[in-house]
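The values are calculated or read from the model by the stated rules, or taken from the named source; none is laboratory data. This structure is a prediction, so every number in the text was calculated from the model and none was measured. Don't worry about glycine lacking a Cβ; one is built from the backbone with ideal geometry, like all the others, and counts go over all protein chains shown. Just so you know, the surface numbers come from the protein's heavy atoms only, side chains and all, with ligands and any DNA or RNA stripped out. Shrake-Rupley method; radii C 1.70, N 1.55, O 1.52, S 1.80 Å.
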Amino acid sequence: MKLSAKSEEFLANLRMYLMTSGKSEREIDEVADELRDHLQELESRGESIDNITGGSPKRYMQSLEEEMADDRAGWFKYLPAFILSFAAFSAMGPAIRGEFELNVVQLIGFPAVASLTVFLYWLLFRRMAGGSWSNRKLFGMGAGLSVLTIVLFVAVLLVGSLLMEPFYSASSTGNVIVILLSATAFAASAAMLRSWILVFIPMALFLPEWLIRHSAMEEETKLIVSSFVPFLAVAVVIGLVLAFERRKASKA
Amino acid sequence: MSTSQMLKGVLEGCLLAVIGMGETYGYEMVEKLGEHGLTMVSEGSIYPVLLRLQKEGYVMTVTRPSPNGPRRKYYRLTEAGEAELAAFKQRWDVLAEAVGQLMKGSGGHETISKK
């Protein structure tokens, strides 16, 4: 039996809330399954989710949070995968364009911006899960944060390349090595997280760019095509993944 | 104070008693409490308590598929749970007796003062 949209939303928010407070994944799954079972019974009798939460989802989530065991170490296991894929994402683009360089501003700035971004997203997810936001507010905050992230990254990139001399500029062999290392890093993080999306998204983002650069098109055409094809490819990949997940969910 | 609010304080003992009647799961516990006249505004409030009972080792759980699909978690009392239930019953008897006495007394006092 399918649950109402309101109940599904509550379960998704509950998961998000408990995840952002560092609870054990196994325990989160157990509680969510238990509540799903209860909600199905309620809804088959025509009653609503307010019978579970007493009208305040946030207060209810907090009452569960207080009784659940912390498992911060369990979540820290994702850190290496995050660092690897982040480094690979920042390195692969310039390496494909044959411009991989390192300078001090970027070496310090990128990790700093990445940590700040992770913190802000954590805050966003936590507020969102507890707050039952409207779609408009959710979209606004999400879009705002994405823009802020891009602005910060570009700022570090510009300041680094305009004001600083690189202490390392890769030769053409160097660039190939960086590409191979980045690809390995993506594969390794995908294996660590058991999620193929970390292979498909970089492939969608970088493979078209690489192919376009090595094609026989004119420079101007290359520039235009490579400005939108990678994003189109990423959108297609995300669409396919979502469709696949939906099919898997409807079969289960 | 509503019955639902009063029940909050003794929910842990009531759930131990319900689970003590035989293996059961979340929704069924709420139904059984309801059969005994114990209704709650927020049925979900049993789950934080069940988590606590589990943490304290008073209950053990098994997960099996339910008739209507999703997995269902069934609860049973452990030996420690049986002992805690017995201790709760004793505490409850003392409390119920004392509150009962007090209520009788206060009722009588009121009628006297009215005269």
### Query
With each pseudo-label sitting 7 Å past Cα toward Cβ, what's the B:Arg52-A:Thr221 distance in nm, one decimal?
7.2 nm
## Note on the structure
Here region A:49-61 yields Karplus 3J(HN,Hα) values (6.51, -1.76, 1.60; θ = phi - 60°; whole Hz; Gly and Pro given as x) of 5, 4, 5, 7, 8, x, x, 10, x, 5, 5, 5, 4
### Summary
So the FRET efficiency between B:Gln101 and B:Thr39, C-beta based with R0 = 22 Å and rounded to 0.05, is 0.25
### Task
Please report how far the C-alpha centroid of region A:126-173 lies from that of region A:1-58, rounded to the nearest whole angstrom.
33 Å
### Modelled label reach - B:Arg71, point 7 Å along Cα→Cβ, region A:32-47 residues with backbone N closer than 16 Å
A:32-38
#### Entry: Pairwise FRET efficiency - B:Met60 versus A:Leu116, Cβ, R0 = 30 Å, nearest 0.05
0.10
### Sequence ranges A:242-249, A:52-59, ranked by mean other-Cβ count within 10 angstrom, highest first
A:52-59, A:242-249
### Surface accessible to a 1.4 Å probe, per residue, for the residues of the protein assembly as shown, Å²
60 Å²
### Task
Describe numerically, in nm with one decimal, the distance between label points set 7 Å from Cα along Cα→Cβ at A:Arg246 and at B:Trp92.
5.0 nm
## Note on the structure
The alpha-carbon pair-distance distribution computed for region A:120-173, with 10 angstrom bins and whole-percent values, is 20, 32, 20, 17, 10, 1
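Could you work out the mean count of beta carbons from other protein chains within 10 Å of each residue's beta carbon in A:32-39? Show your work: numbers first, answer last.
Working: counts 0, 6, 13, 3, 4, 10, 11, 3.
Per-residue shielding by partner chains comes out at 6.
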### Query
At q = 0.10, 0.13 Å⁻¹, what base-10 log of I(q)/I(0) does the Debye formula yield for region B:3-105 when every alpha carbon is treated as an equal point scatterer in vacuo?
-0.30, -0.50
### Task
Quantify, in whole percent, the carbon and sulfur part of the accessible surface of chain A (1.4 Å probe; protein heavy atoms only).
68 percent
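Could you grab the Rg to Rh ratio for the protein assembly as shown? Cα atoms only, Kirkwood for Rh.
The Rg/Rh ratio comes out at 1.14.
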### Task
Give, in nm to one decimal, the length gained when the segment between A:Leu107 and A:Arg26 is fully stretched (0.36 nm per residue of separation minus the Cα-Cα distance).
25.5 nm
### Summary
Contour minus Cα-Cα span, A:Ser171 to A:Arg97, at 0.36 nm per residue, comes to 25.5 nm
### Message
Within region B:3-105, what whole-number % of the accessible surface is contributed by carbon and sulfur, with the 1.4 Å probe and all protein chains included in the calculation?
### Response
57 percent
### Extension reserve of the A:Phe125-A:Lys58 stretch, reckoned as 0.36 nm per residue once the Cα distance is removed
22.8 nm
### Query
What FRET efficiency comes out for the pair A:Ser4/A:Asp71, r = Cβ-Cβ distance, R0 = 25 Å, nearest 0.05?
0.25
### Task
Estimate for me the total accessible surface buried between chains A and B (protein heavy atoms, probe 1.4 Å, no ligands or nucleic acids), in Å² to the nearest 100.
2000 Å²
### Message
Taking θ = phi - 60°, what integer Hz values does the Karplus form 6.51 cos²θ - 1.76 cosθ + 1.60 yield along region A:13-20, in sequence order, with x for Gly and Pro?
### Response
5, 4, 4, 4, 4, 6, 5, 6
### Summary
Counting Lys and Arg as +1 and Asp and Glu as -1 over every other residue whose Cβ sits under 12 Å from the Cβ of B:Arg76, the net charge comes to -2
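Check every DSSP H run in chain B and write down those whose alpha carbon atoms cover 20 angstrom or more along the long axis and whose mean Kyte-Doolittle hydropathy is 0.5 or greater. The partial results should precede the final answer.
Working: long enough: B:3-20 (23 Å, 1.15); B:79-114 (52 Å, -0.36).
Sorted by number, the helices that extend far enough and score high enough are B:3-20.
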### Task
Could you tell me the largest-minus-smallest coordinate of the C-alpha atoms of region A:163-252 on each of the three principal axes, in descending order and whole angstroms?
54, 33, 27
### Task
Measure off 7 Å from each Cα along the Cα-to-Cβ vector at B:Ser2 and A:Val159, then give the distance between these two points in nanometres to one decimal.
5.5 nm
### Message
Counting only other residues whose beta carbon sits under 12 Å from that of A:Arg36, what net charge do I get with K and R as +1, D and E as -1?
### Response
-3
